[in-house]
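Novice: Sharing a structure, written as structure tokens. Questions coming.
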Amino acid sequence: MEAFQTKGHEIGRPTNRVEGELKVTGRAQYAAEYPAPDLLYGVIVSATVAAGRITNLEVAEASAVAGVVRIFTHENRGKAAWLDRKWRDEVAPPGHPFRPLHSDRILFDGQPIALVVADSFEAARDAASLVRAHYEIEPHCTELEARRSEAYDPPEKRSGIPPPPAPRGEAQRAFDDGPHRLSSEYRISAEHHNPMELFGTTCVFEGPGKLTIYEKTQGSQNSQGFVTSVFGLKSKNVRVINHYVGGAFGSGLRPQQQLFFAVMASLELKRSVRVTLTRSQMFYIGYRPDTYHAIALAADETGRLTSIMHDAVAATSHYEDYQEAVVNWSGMMYHCDNVKLSYNLVKLNTATPCDMRAPGAAVGVNALECAIDELSHQINVDPVEFRTVNFASMDENTGKMFTSKALLSCYREGAAAIGWGRRSATPRSRKDGHELIGLGMATGMWDAFLMKAAAQAKLTADGLLEVSTAASDIGTGTWTILAQIGADNLGLPLDSVTAKIGDSSLPTSPVEGGSWTAASNGSAVMAACEALKKTLFKHAKAMTNSPLAQAELSDAVFVDGRVALKDDLARSLSLKEVMQAAELSEIVEKGKAAPNLLQMRKYISYTHSAVFAEVRVDEDLGVVRIPKIVCAAAAGRIINPKTARSQILGGVVMGIGMALHEESMTDHRLGKIMNHSLAEYHVPVHADIADIKVIFVDETDEKVSPLGVKGLGEIGIVGTAAAVANAIFNATGRRVRDFPITLDKLIVEY
Ligand code: MOS
């Protein structure tokens, strides 16, 4: 059979995004772009003080604006649940969830205090500017440092976030006895997510209690659950759609203000309502909290770590105890017998922080990896050598084995790619014109989760496959990889396969977060396809004169749209023939993925990486340029090298932002974020980015997930800022421990 080629290997192929054309031609619709008949527009009015009470809200002038339909305030808000537990969502931290317009209380600057609804966006915005609020102002604090003495250990732990492990060994004594010691403090500024797409909801009123909600979210079912719980609606009457999501980085994990407002107004007015946040308002829906890290390390003469202590303090709001795994990494990244870690919170008059790309690790590992660099420099051991010597072959926090850890390959391949051999161990010893040149590196680590997820696979008589699950694609490539997985499993070309995601009515999925979607939803799709193959094979076997009559499923392969015998590919049937013979218009099967609890008693899974950076620092101006960054990641099986690489590129760019640019600046006297715009909140732009090389080292992991996939959404940011900071030290001899490393910190003598 000449034309019968064994291709169908979609997994591992660098494939363009299947939805790419829709996106670049503007046909992909985002939440605030869906039309609805008689649509109303809501604009949120934000508080301008950080603490206190609203004494009076003047709305007369605003109400008089032509086109205004209703102004909602705490005095006339629509019906909504009262109890905290009704406001919880899948990823909520412990505490009292924020309930917009619940009372006259102001908890943070920028808090929504009214919603103006009008028949045009312009009228709503105009009227919103005319709402006058009067406050009884109370003292506030937005400054983490000022409240550090009040830091507390959160009494209730956030589900899914492991608290710091119990101390092991005698860290303090080992530190005191250490021949080489380092004790440093690092500060990492608060950051805001700033995805391209503004948060928006188009709530289509389909009749009493029945809504179709186009929503910017990382979890359609999380938003659906929130809406039904807060407004007492039936699940079957609320459908949330998020086909395309213009980035989110964690800010779309929890249902945000616009969802509440659009739904509340829609139910009260019995009309369709759209609410979008402004760029400035997006600075009040959560952020990466600022953190302080006190790190103390000791090592012996050979560079072996004898003590690790890491105490972190992070910001949270007055109403929720937001938590991340910040310090845990310091207990597992390297082998060390004496470890003591702590993580405490400080309440500030801000919105509750929220997960931002590699929450916890991005800051905790950053601080640790700077400290490791400082210590290795002190002992005069090469930073790569130091890390290799201290390699941890198991997770010493839990005593579990890693399902895989090809970190040493990351060090090796990353070092080769950056040309680590060119590095001079002496800071400030390489110069080109008036630019100082340096090389630095760091280790990265992030969880490789497998979450519960479900999927459906449907094969139709025309030989087309549709795989579906309520996953979201926040730019990560989920649309594409799920289609690839389906195609690969049934041996179909990619253009015969469609993925369906971004809809709460599809099979159960967690939020798109934690880098778990490829592994979890991908494995569920694979399971659904396996079930489908089984059914299909049964029909193939049953056909009259079937060439597969004597065969078992395990003897068969699915390639090129056919099911064939492994040992004799000529004995085959096309999937279409089988469907026709069985007189089936379609076969529908379901599949599931879930963590293997038995295995989890012994094993734990992480993605590992090594980041290498080369910097050039202008000696006179302090301007830092990064001509090259290499990120070598060990992430198990790579489904789509193209979208996978894009994930690392994005993570590395955000790491550069953390290193050099990103910083949410608050005027603590006013308790106000001052740079709430893209003009003043700096994210790296093209001019800040040069060569980013992504390496996926070989790693086979049959335990981590049925697909062998680890996930890549977050690992790219972890360690990147430290690699840059360490390179800056190597270039300049200046150790900056306060992130971002803006040029003033490099030219001013402290
Ligand atoms: Mo991620 S911070 O779990 O979207």
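Derivation of every value follows stated rules applied to the coordinates shown; laboratory data play no part. Keep in mind that what you see is a predicted model, and the values were worked out from it rather than measured. With ideal geometry, Cβ positions are generated from the backbone for all residues, glycine too; neighbour counts draw on all protein chains shown.
Novice: Kindly count the pairs of lysines across the stretch 532-631 whose alpha carbons are less than 23 Å apart, treating pairs on different chains or eight or more residues apart as eligible.
Specialist: Close lysine pairs under the 23 Å cut-off: 19.
Novice: Let me ask you something else. Bin width 5 Å, alpha-carbon pairs only: give the P(r) of the stretch 600-693 as whole percents, running from 0 to the bin holding the largest distance.
Specialist: 3, 10, 17, 17, 14, 13, 11, 8, 5, 2, 0, 0
Novice: Any idea how far apart Thr398 and Glu145 come out in nm if each label point goes 7 Å out from Cα toward Cβ?
Specialist: That separation, rounded to one decimal, is 3.7 nm.
Novice: Could you derive backbone 3J(HN,Hα) for the stretch 278-286 from the dihedral phi with the Karplus parameters 6.51, -1.76 and 1.60 (θ = phi - 60°), listing whole Hz in sequence and x where the residue is Gly or Pro?
Specialist: Here the 3J(HN,Hα) series is 7, 4, 4, 5, 5, 7, 10, 10, x Hz.
Novice: If each of Ala690 and Lys270 carries a label point 7 Å out from its Cα toward its Cβ, how far apart are those two points in nm?
Specialist: With each label placed 7 Å out from Cα toward Cβ, I get 6.5 nm.
Novice: Can you tell me how much longer the chain between His96 and Ser574 gets when fully stretched, taken as 0.36 nm per residue apart minus their C-alpha distance, in nm with one decimal?
Specialist: Stretched fully, the His96-Ser574 segment lengthens by 166.3 nm.
Novice: Across the stretch 543-553, in residue order, what do the Karplus-derived ³J(HN,Hα) couplings come to in whole Hz, using 6.51 cos²θ - 1.76 cosθ + 1.60 with θ = phi - 60° and x for Gly and Pro?
Specialist: For the stretch 543-553, the Karplus curve yields 5, 4, 6, 5, x, 10, 3, 8, 8, 9, 4 Hz.
Novice: When the helices in the chain are scored as -39500 (n - 2.57) per DSSP H run of 4 or longer and the sum is shared across all residues, what 222 nm value do you end up with, to the nearest 500 deg cm²/dmol?
Specialist: After summing the helix terms and dividing by the residues of the chain, the value is -7000 deg cm²/dmol.
Novice: What is the diffusion coefficient of the chain in µm²/s, taking the Kirkwood radius over Cα pairs and the Stokes-Einstein relation at 10 °C with a viscosity of 1.306 mPa s?
Specialist: 58
Novice: Still on this structure: How many percent of DSSP beta bridges within the chain run antiparallel, rounded to 5?
Specialist: Taking every DSSP beta bridge within the chain, about 75 percent pair in antiparallel fashion.
Novice: While we're here: Among the trypsin sites (Lys or Arg not before Pro) in the stretch 1-83, which ones are in a DSSP loop with at most 16 other Cβ atoms within 10 Å of the Cβ? Mind listing them?
Specialist: Lys7, Arg27, Lys79
Novice: Given a cut-off of under 8 Å on Cα pairs at least six residues apart, what relative contact order in percent is computed for the chain?
Specialist: 17
Novice: May I ask what percent, to the nearest 5, of DSSP beta bridges between residues of the stretch 619-750 are antiparallel?
Specialist: Restricted to the stretch 619-750, the bridges split so that about 35 percent are antiparallel.
Novice: Output ³J(HN,Hα) for the stretch 440-445: one whole-Hz value per residue in order, computed from phi by the Karplus curve 6.51 cos²θ - 1.76 cosθ + 1.60 with θ = phi - 60°, and x for Gly and Pro.
Specialist: Using θ = phi - 60°, the values come out as x, 8, 7, 9, x, 7 Hz.
Novice: Starting at 0 and stepping by 10 Å, how many percent of the alpha carbon pairs of the stretch 390-517 end up in each bin?
Specialist: 10, 25, 21, 22, 14, 8, 1
Novice: While we're on this one: Counting Lys +1, Arg +1, Asp -1, Glu -1, what net charge surrounds Val43 among other residues with beta carbon under 11 Å of its beta carbon?
Specialist: 0
Novice: Cut-off 17 Å, label point 7 angstrom out along Cα-to-Cβ of His335: give me the residues of the stretch 289-305 whose amide nitrogen falls inside.
Specialist: So the set is 298-305.
Novice: Restricting everything to alpha-carbon atoms, can you work out Rg to Rh for the stretch 50-174 with a Kirkwood hydrodynamic radius?
Specialist: Dividing the radius of gyration by the Kirkwood radius yields 1.15.
Novice: While we're here: Please work out how much length the chain gains when fully extended from Arg279 to Lys157, using 0.36 nm per residue of separation minus the C-alpha to C-alpha distance, in nm with one decimal.
Specialist: Stretched fully, the Arg279-Lys157 segment lengthens by 40.7 nm.
Novice: Next up: Hull surface divided by four, with the convex hull built on the Cα atoms of the stretch 231-346: how many nm²?
Specialist: Reported value for the Cα convex hull: 11.7 nm².
Novice: Same structure again: Can you bin the stretch 637-735 into rounded, prolate or oblate? Criterion: square roots of the alpha carbon gyration tensor eigenvalues sorted a ≥ b ≥ c, rounded for a/c under 1.5, prolate for a/b above b/c, oblate for the rest.
Specialist: Since a/c reaches 1.5 and a/b is larger than b/c, the shape of the stretch 637-735 is classed as prolate.
Novice: Right, here's the next one. Hey, fewest Cβ within 10 Å first, where do His193, His134 land in order?
Specialist: By the 10 Å Cβ count, ascending, the order reads His134, His193.
Novice: A further question follows. Would you mind computing, in nm to one decimal, how far apart the modelled labels at Ile747 and Leu598 are, each placed 7 Å from Cα along Cα→Cβ?
Specialist: Here the answer is 6.5 nm between the modelled labels.
Novice: What FRET efficiency comes out for Ala582 versus Ser235 if R0 is 60 angstrom and r is the Cβ-Cβ distance? Round to the nearest 0.05.
Specialist: So, using R0 = 60 Å, E works out to roughly 0.95.
Novice: Using a Förster distance of 60 angstrom, determine the FRET efficiency expected from the C-beta separation of Glu33 and Thr302, and round it to 0.05.
Specialist: Computed FRET efficiency for Glu33 and Thr302 comes out at 0.50.
Novice: Shifting gears a bit: Which FRET efficiency value, to the nearest 0.05, do you get for Thr508 and Asp432 by plugging their Cβ-Cβ distance into 1/(1 + (r/R0)^6) with R0 = 56 Å?
Specialist: Taking R0 as 56 Å, the efficiency between Thr508 and Asp432 is 0.50.
Novice: Then there's this: When ranked by the protection proxy of mean other Cβ atoms within 10 Å per residue, highest first, what sequence do the peptides 606-613, 154-161 form?
Specialist: Most protected by this proxy first, the peptides run 606-613, 154-161.
Novice: I would also like to ask the following. Please quote Rg/Rh for the stretch 293-445 to two decimal places, taking the Kirkwood radius as Rh and restricting both calculations to Cα atoms.
Specialist: When Rh is taken as the Kirkwood radius, the ratio is 1.02.
Novice: Still on this structure, I have one more. How large is Rg over Rh for the stretch 85-240, taking Rg from the Cα atoms and Rh as the Kirkwood inverse mean of 1/r across Cα pairs?
Specialist: Ratio of gyration radius to Kirkwood radius: 1.08.
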